[in-house]
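Have a look at the structure below, then the notes.
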Amino acid sequence: MKKTILGLFIASSFAFGHTALMSCFDNGDGSVTCEGGFSDGSSASGTTFKVEQNGKAIIEGKFDADSEFTFKKPSGDYSAVLDAGEGHRVYVSSKNIVE
């Protein structure tokens, strides 16, 4: 019984240990830079990044060593997505990305 309780505690600690965060800004030169990270201060370096438009990923990559990803701004509405797995996805709408 103690092992079960300890296992549940550890599992819940991982589930709620940190929250994914991302902010994006328009560079004013036709590109957008997004910065990702986690609420516990850990880096998003190597975490999957996507730009989705009409439900499809049109740009995919990984955050760099500085937890940043820069891409050419697509025309029309789109969403920037930090995808660190289930429960750790952050969407930023193009409508909320400003200079």
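What are the semi-axes of the equivalent ellipsoid of segment 21-99, taken as the square roots of 5 times the eigenvalues of the Cα gyration tensor, listed largest first and rounded to whole Å? Before the final figure, lay out each step's value.
Working: eigenvalues 72, 39, 23 Å².
Result for segment 21-99: semi-axes of 19, 14, 11 Å.
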In Å², nearest 10: area of I58 left accessible to a 1.4 Å probe
80
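The values are calculated or read from the model by the stated rules, or taken from the named source; none is laboratory data. Please read these numbers as outputs of a predicted model, since none were measured by experiment. Calculation scope for accessible area: heavy atoms of the full protein, side chains included, ligands and nucleic acids excluded. Shrake-Rupley method; radii C 1.70, N 1.55, O 1.52, S 1.80 Å.
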